[in-house]
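The values are calculated or read from the model by the stated rules, or taken from the named source; none is laboratory data. If you're wondering where the values come from, they're calculated on a predicted model, not measured in any experiment. Neighbour counts run over all protein chains shown; Cβ positions are idealised from the backbone, glycine included. Ligands, DNA and RNA are stripped out before the accessible areas are found, and what is left, the full protein with its side chains, is counted by its heavy atoms. Shrake-Rupley method; radii C 1.70, N 1.55, O 1.52, S 1.80 Å.
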Amino acid sequence: MGADEVRALLVRLLRGPVAPDASGGDVEEMRRHIHALREAGVPVGEQCDGGYALTELFELLDSDAILARLPARVRARTASLELAWVLDSTNSELQRRPAAANGAASVLLAEGQSGGRGRRGKDWSSPLGAHVYLSLARTFDAGWARLGGLSLAAGVATVEALHGLGYDRVRLKWPNDLVVPAADGGLRKLGGLLVDGGGHQDGPARAVIGVGVNVRMPNCFGDRIEQPWCDLVGLRVPPPSRSAIAAAIITHWVPALDSFERSGLTPLLARYAAVDAIAGQPVRITSEAGCVDGIAVGLASDGSLRVRTEQGSERHFHAGEVSVRRIGGMT
């Protein structure tokens, strides 16, 4: 069963109900294609006549719509913008490609991912056409050694983009989770960021910044997630189009990354503090060395998390070394 046939069937479903023999093949082949779409998270229902139709609002990304929403200054800094069907990971795919010149951005989005990745090697649930999977690659002249706070800069820009779309409750949980406070006092995960890359410590370095934002989580995928989560549909119905969400993120990312290269993280610290989900909250820091409990008290200038321990001292923790759990909240 080829991906092209499944994709073609979805395109027909987007135009309206499809009869069981509409593929020109046998009914059993149609059923296999429908099963593949359902397994990927597409909401397809069966009708009384044996045909099929989408049971919920569903859309595919539109590159023209995304580009039309980008301000001229952002388009000028964007070397390419590409939409893919299904990839292992948008971050992984961009890492395999050459970098654009002069610090321009290469942007890649996918309708689905077969191997979406989160921080510390965790899988990222990536149903077809349900969320925003977006990665951006660019070079930085400052060198890899100075990119430690890059995910925080992109995180602030992402939250501000979502605020601009009306999602004012979205916050950042250090180092890279997009979260929404819940009524029970916990945090529900809306998305996350991941930075990959490499290069010289003090010379040109290339980074790939990726984000996944839950827009419409299919039940069959949501049931597999082992932590509290939310999606944009649950926060406001209907949400903006996925293309509008992607355009808003790119519009905020491009200038934020330019600013980060010029000035580092320091100018963003106040903006981060305004959306910090765990500042002033009890947290548990877990690493190979053990656990440390304390109160999160914001960021240090290098992007590390400041924690006032139970003994009264202040310790700084770096994202690559630890995981953070708000005590009484979300892992």
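On the basis of being touching a residue at least 24 places away in the same chain (Cβ under 8 Å) and closer than 21 Å to ARG188 by Cβ, does ARG325 make the cut?
yes
Within the range 270-302, restricting attention to residues that are among the charged types (D, E, K, R) and more than 22 Å from GLY186 (Cβ to Cβ), which residue is least open to solvent (accessible area, probe 1.4 Å)?
Per the criteria, the residue is ASP302.
So for the range 65-75 (the condition being part of a loop (DSSP other than H, G, I, E, B), modelled with pLDDT of 90 or more and surrounded by fewer than 16 Cβ atoms within 10 Å (Cβ to Cβ)), does at least one residue qualify?
Yes, the range 65-75 contains at least one residue that is part of a loop (DSSP other than H, G, I, E, B), modelled with pLDDT of 90 or more and surrounded by fewer than 16 Cβ atoms within 10 Å (Cβ to Cβ).
Enumerate the pairs (first residue in the range 90-114 and of a type in the set (D, E, K, R); second residue anywhere and open to solvent by 20 Å² or more (accessible area, probe 1.4 Å) and not in a loop (DSSP other than H, G, I, E, B)) with beta-carbon separation below 6 Å, excluding pairs fewer than 6 apart on the same chain, so at least 6 apart or on different chains.
Final answer for the pair search is GLU93/LEU87; GLU111/TRP85.
If you take the residues of the range 40-49 that are open to solvent by 20 Å² or more (accessible area, probe 1.4 Å) and in contact (Cβ under 8 Å) with a residue 24 or more places away in the chain, which of them is nearest to PRO218 (Cα to Cα)?
Across the range 40-49, the extreme among qualifying residues is ALA40.
Can you name the residue in the range 110-126 that is more than 11 Å from the chain's Cα centre (by Cα) and surrounded by 24 or more Cβ atoms within 10 Å (Cβ to Cβ) and is also modelled with the highest pLDDT among such residues?
ALA110
Counting only residues that are at pLDDT below 95 and surrounded by fewer than 24 Cβ atoms within 10 Å (Cβ to Cβ), which one in the range 130-146 is farthest from GLY264 (Cα to Cα)?
Among residues in the range 130-146 that are at pLDDT below 95 and surrounded by fewer than 24 Cβ atoms within 10 Å (Cβ to Cβ), the one farthest from GLY264 (Cα to Cα) is THR139.
Can you confirm whether ARG262 is part of a loop (DSSP other than H, G, I, E, B) and closer than 29 Å to LEU109 by Cα?
Spelling it out, it is not the case that ARG262 is part of a loop (DSSP other than H, G, I, E, B) and closer than 29 Å to LEU109 by Cα.
For the range 303-325, give me each residue that is at pLDDT below 90 and open to solvent by 20 Å² or more (accessible area, probe 1.4 Å).
The answer is GLU310, GLN311, GLY312, HIS318, ALA319, GLY320, GLU321, SER323, ARG325.
From the residues in the range 156-169 that are in a loop (DSSP other than H, G, I, E, B) and touching a residue at least 40 places away in the same chain (Cβ under 8 Å), which one is most open to solvent (accessible area, probe 1.4 Å)?
Only one residue tops the list, namely ARG169.
Here is a list: GLU56, GLU82. Which entry is open to solvent by 60 Å² or more (accessible area, probe 1.4 Å), modelled with pLDDT under 90, farther than 28 Å from VAL275 by Cβ and of a type in the set (D, E, K, R)?
GLU56 is the lone residue from the list that is open to solvent by 60 Å² or more (accessible area, probe 1.4 Å), modelled with pLDDT under 90, farther than 28 Å from VAL275 by Cβ and of a type in the set (D, E, K, R).
Just checking, which of LEU235, LEU152, LEU194 is more than 27 Å from PHE317 (Cβ to Cβ) and of a type in the set (A, V, I, L, M)?
Sole residue among the options that is more than 27 Å from PHE317 (Cβ to Cβ) and of a type in the set (A, V, I, L, M): LEU235.
Name the residues in the range 170-195 that are in a loop (DSSP other than H, G, I, E, B), touching a helix residue (DSSP H, G or I) at 6+ places or on another chain (Cβ under 7 Å) and either surrounded by fewer than 17 Cβ atoms within 10 Å (Cβ to Cβ) or aliphatic (A, V, I, L, M) (or both), would you?
Of everything in the range 170-195, just one residue is in a loop (DSSP other than H, G, I, E, B), touching a helix residue (DSSP H, G or I) at 6+ places or on another chain (Cβ under 7 Å) and either surrounded by fewer than 17 Cβ atoms within 10 Å (Cβ to Cβ) or aliphatic (A, V, I, L, M) (or both), namely VAL170.
Quick check on the range 1-18: of everything there that is touching a helix residue (DSSP H, G or I) at 6+ places or on another chain (Cβ under 9 Å) and either part of a loop (DSSP other than H, G, I, E, B) or open to solvent by less than 30 Å² (accessible area, probe 1.4 Å) (or both), which residue is modelled with the lowest pLDDT?
Out of the qualifying residues, it is MET1.
Among the residues of the range 218-232, write down those that are open to solvent by less than 20 Å² (accessible area, probe 1.4 Å) and more than 19 Å from ARG171 (Cβ to Cβ).
PRO218, GLY222
Among ALA207, ALA153, which is the only one that is touching a helix residue (DSSP H, G or I) at 6+ places or on another chain (Cβ under 7 Å) and assigned to a helix (DSSP H, G or I)?
Criteria check complete, one pass: ALA153.
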